[in-house]
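Below is one structure, written out as structure tokens, with a few remarks after it.
Values quoted throughout were computed directly from the atomic coordinates according to the rules given, and no laboratory measurement underlies them. Keep in mind that this is a model prediction, so the values were computed, not measured. Because the Cβ atoms are built from the backbone with ideal geometry, glycine has one as well, and the counts that use them run over all protein chains shown.
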Amino acid sequence: KKVAILVSGGGSNMVALCESMVGDHPARPVLVASNDPGAKGLDRAAAMGIKTGAVDHKPFKGDRAAFEAELVKLIDAESPDIVCLAGFMRVLTPGFVNRYAGRMLNIHPSLLPKYKGLNTHARALEAGDREAGCSVHIVTPELDDGPILGQARVAVAEGETPESLAAKVLTQEHRLYPAVLRRFAQGTPGMLVLD
Ligand code: GRF
């Protein structure tokens, strides 16, 4: 299976995914693309010998569809079977999502369906939650709403801050996403819960 990964920043989840796709793993990364030509994740992908590409979203201003049309050209040139959003911070239109319906995954730093959207850690702490975590789900047109394929949980400590919680959850993301991708690529998704 061929996997394209979309990043916007450092790409630590992309690195974890690419490092997992070795040996008898049924998938291989064929492209790492970004909406930011300066994304550090592109440098990290290139250092791993993976093809990279970027479409700067800024010149397109509000024209989301025009930006996505360029991004689709980049992605479809590699004919991926699976698209993984990994720290990708642009909202995608239903047109883009439906093009990859059922084969686009995303990792979100909360125990969905709680805390869709941004600032998930601050919101969990604000609510006094005793546990937090991350979720990998199939991407559907509604933001952070598709079928959940896996979750990893962390305990919230006394005095936890959004920064300390983000770091703990990110570590779990790097465990969860590769585990879910392997099962998804093998055609045996099913809900995975990591503790
Ligand atoms: C992190 O906040 C992570 O929780 C979320 O995207 C952000 C950047 O991740 N998934 P990455 O290091 O670019 O993978």
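If the requirement is being on the phi > 0 side of the Ramachandran plot, surrounded by fewer than 18 Cβ atoms within 10 Å (Cβ to Cβ) and more than 13 Å from the ligand (Cβ to nearest atom), which of these qualifies: G128, G117?
Just a single option satisfies the conditions, and that option is G128.
Is it the case that some residue within the stretch 29-42 is surrounded by fewer than 17 Cβ atoms within 10 Å (Cβ to Cβ), under 18 Å from L105 (Cβ atoms) and not small (G, A, S)?
Among the residues of the stretch 29-42, not one is surrounded by fewer than 17 Cβ atoms within 10 Å (Cβ to Cβ), under 18 Å from L105 (Cβ atoms) and not small (G, A, S), which makes the answer no.
Out of all the residues in the stretch 57-77, is one or more out of contact with any His (no Cβ under 9 Å at 6 or more places or on another chain), closer than 29 Å to V193 by Cβ and surrounded by fewer than 21 Cβ atoms within 10 Å (Cβ to Cβ)?
no
Of all residues in the stretch 7-55 being in contact with a Lys or Arg (Cβ under 6 Å, 6 or more places away or on another chain) and small (G, A, S), which is farthest from Q172 (Cα to Cα)?
Per the criteria, the residue is A27.
Suppose the filter is closer than 23 Å to G23 by Cβ, in contact with a helix residue (DSSP H, G or I) (Cβ under 9 Å, 6 or more places away or on another chain) and not hydroxyl-bearing (S, T, Y); does L192 pass it?
The answer is yes for L192.
Looking at the stretch 134-185 only, could you name the residues that are in contact with a helix residue (DSSP H, G or I) (Cβ under 6 Å, 6 or more places away or on another chain) and within 11 Å of the ligand (Cβ to nearest atom)?
Within the stretch 134-185, C134, V136, P162, L165, A166, E173, H174, Y177 meet the criteria.
Looking at this structure, is L149 crowded, with 21+ Cβ neighbours inside 10 Å and not in a helix (DSSP H, G or I)?
Answer is yes for this residue.
Please return the ranges of helices (runs of 4 or more DSSP H) entirely within the stretch 1-112 where 1 or more residues are within 16 Å of the ligand (Cβ to nearest atom) and charged (D, E, K, R).
Correct list: 12-20, 40-47.
Could you pull out the residue among R183, R123 that is within 28 Å of L74 (Cβ to Cβ) and surrounded by 13 or more Cβ atoms within 10 Å (Cβ to Cβ)?
Checking each option against the conditions leaves just R183.
Give me the pairs, please: first residue somewhere in the stretch 7-18 and under 15 Å from V83 (Cα atoms), second residue anywhere and assigned to a strand (DSSP E or B) and among the small types (G, A, S), beta-carbon distance under 9 Å, and either six or more positions apart or on two chains.
V7/A33; V7/S34; S8/S34; G11/S34
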